[in-house]
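The values are calculated or read from the model by the stated rules, or taken from the named source; none is laboratory data. Only a predicted model underlies this, so the values are computations on that prediction, with no experimental measurement involved. As a convention, Cβ positions derive from the backbone with ideal geometry for all residues, glycine included, and neighbour counts pool all protein chains shown. Side chains included, ligands, DNA and RNA excluded: accessible areas come from the protein's heavy atoms. Shrake-Rupley method; radii C 1.70, N 1.55, O 1.52, S 1.80 Å.
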Amino acid sequence: MPSDRRDRAVRAAVEQGLLTEGQPVAALLDVAGIRACAAGLRNAFAAVTDAPVLHAFAVKAAPLVPVVALLREEGLGAEVASAGELALARAAGVHPGRTVLDSPAKTPAELREALRLGIAVNADNPQELARIDALMSSTATSSPLGLRVNPQVGVGAIEALSTASPTSKFGVALRDAGARERVVRAFLDHPWLTRLHAHSGSQGMPLGLIAEGIRTVYELAEEINAAAGRQQIDTVDIGGGLPVNFTSDEQTPTFAEYAHRLKEQAPGLLDGRYGLVTEFGRSLLAKHGFVLARVEYTKTAGGRPIAVTHAGVQVATRTVYDPASWPLRIAAYDSEGRPKSGPEVVQDIAGPACFAGDLLATARPLPLLEPGDVIAALDTGAYYFSNHYGYNSLPRPGIHGFIAGRSGATRFATVRAPQSLAEIVAESGGAQANALTAP
Ligand SMILES: *Cc1c(COP(=O)(O)O)cnc(C)c1O
């Protein structure tokens, strides 16, 4: 989001008491930014194909009912990978016909429920296909059914997030000996199988490589349809995986760039014969959220200034455990929520958790922070504050959507209330306090 919009929101959050001694962490979501981003996604694909496209938001990127509902209002569906995510999508009012189930470990009960509801299911492997086959004989369903494949186009910069590596755990590995033939056979043997699915991206993957994976899937769809002598595959689910730029306020690469790349590398996929499903997550939300935290203390160690804040591993788990792969930009504000000025001093920004590695940023040049100041961890709208990590029983912070009113005043709406201490105790077995003690 533009920095002036962010600055106004920070100032308003402090003024309106969202960040206090009692609530020293708060997360903000830019509602207008999310809406604009969703519109950008719709327009990007509408510009390259006339075919029907279902944009299913990957719920794991921001498992928050009001966010899923906002995206539903913007014309998106939901991609879910667990009973919990499905429940969130349903609570957000996403129609089953606009929901896609993708977990690699679906249980028979989950499959039965999905087929009953008419949710699209992408099978991950031949064993799951056999389970679905058995259910199909006893279930009438409107669920579109697909098979996930791994085009094995290669690894991006972050191996743990590269879904198209040769040994990825996801989908049928297409380049393994005999695999392609077995996939074609599986489609011929299961005439109800009408979709191919791949999700060959994620952070660290270059656009060209992601598009190459999709082209591979398109070519496989053509091969299967030729072998079947009919257009058995009518829809290709191209997954999500567009990376996020964590280095500036710019949103790059854009959905439009990606759609054009697909048009160049797989024109046949977009010529109208195939419906499309997309499953973007991080690229829809990351740039439209940030975490605010108060600085509690400042100190120096080994000559390095350190600001001890209330935001650490509980809201920025990936960054704290793997800072080289997930560096976050930090913005500094004073205690009133105004951008902090002054000469830049190299300092560490630490979190509140009790382990030495709980650092949001190291050796960062910023105006020297003081107790009571506020820091913002930027681009954290996906997979960060929405995906809380309960270390040290640190509470889930409140999440607030912000909207600029006509008068220029910023209005906040609670997306998720801050977790209370009573809730932490209850979730930690509070009702069974004496379960293990002698009677
Ligand atoms: C995680 C995931 C997504 C979303 O990935 P992003 O990188 O957040 O866009 C989409 N599809 C599947 C199957 C996933 O596992």
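For residue 420, the conditions (1) in the same structural domain as residue 19 (by TED's automatic domain parsing); (2) open to solvent by 70 Å² or more (accessible area, probe 1.4 Å) are fulfilled apart from (2). Sub-6 Å Cβ pairs linking a first residue in the stretch 370-392 that is touching a residue at least 12 places away in the same chain (Cβ under 8 Å) and of a type in the set (Phe, Trp, Tyr) to a second residue that is in a strand (DSSP E or B) and more than 16 Å from the ligand (Cβ to nearest atom), at least 6 apart or interchain, are 385/27; 385/291, ordered by first then second residue. Against the numbered list (1) surrounded by fewer than 18 Cβ atoms within 10 Å (Cβ to Cβ); (2) part of a helix (DSSP H, G or I), residue 41 comes up short only at (1).
When the stretch 135-159 is filtered for residues that are of a type outside the set (A, V, I, L, M), part of a strand (DSSP E or B) and either open to solvent by 40 Å² or more (accessible area, probe 1.4 Å) or at pLDDT 95 or above (or both), the ones remaining, listed by number, are 146, 148.
Within the stretch 230-248, the presence of at least one residue that is farther than 20 Å from residue 182 by Cα, of a type in the set (Ser, Thr, Tyr), surrounded by fewer than 17 Cβ atoms within 10 Å (Cβ to Cβ) and assigned by TED's automatic domain parsing to the domain that holds residue 55 is confirmed.
The numbered conditions (1) more than 20 Å from residue 396 (Cβ to Cβ); (2) over 19 Å from the mean Cα position of the chain (by Cα); (3) not assigned by TED's automatic domain parsing to the domain that holds residue 38 are all true for residue 296 except (1). Restricted to the stretch 235-349, the set of helices (runs of 4 or more DSSP H) holding at least 2 residues that are more than 15 Å from the ligand (Cβ to nearest atom) and within 23 Å of residue 195 (Cβ to Cβ) comprises 255-265. Restricting 120, 105, 177, 186 to those that are among the small types (Gly, Ala, Ser), at pLDDT 95 or above and open to solvent by 60 Å² or more (accessible area, probe 1.4 Å) reduces the list to 105. Of all positions in the stretch 236-255, at least one carries a residue that is within 20 Å of residue 175 (Cα to Cα) and of a type in the set (Val, Ile, Thr). Applying a threshold of 6 Å to beta carbon distances and a minimum spacing of six or more residues, or different chains, the list of pairs starting in the stretch 241-267 at a residue that is within 10 Å of residue 48 (Cβ to Cβ) and ending at one that is β-branched (Val, Ile, Thr) and more than 16 Å from the ligand (Cβ to nearest atom) reads 259/48; 263/48. Residues in the stretch 257-291 that are closer than 26 Å to residue 146 by Cα and under 20 Å from the mean Cα position of the chain (by Cα): 11 in all.
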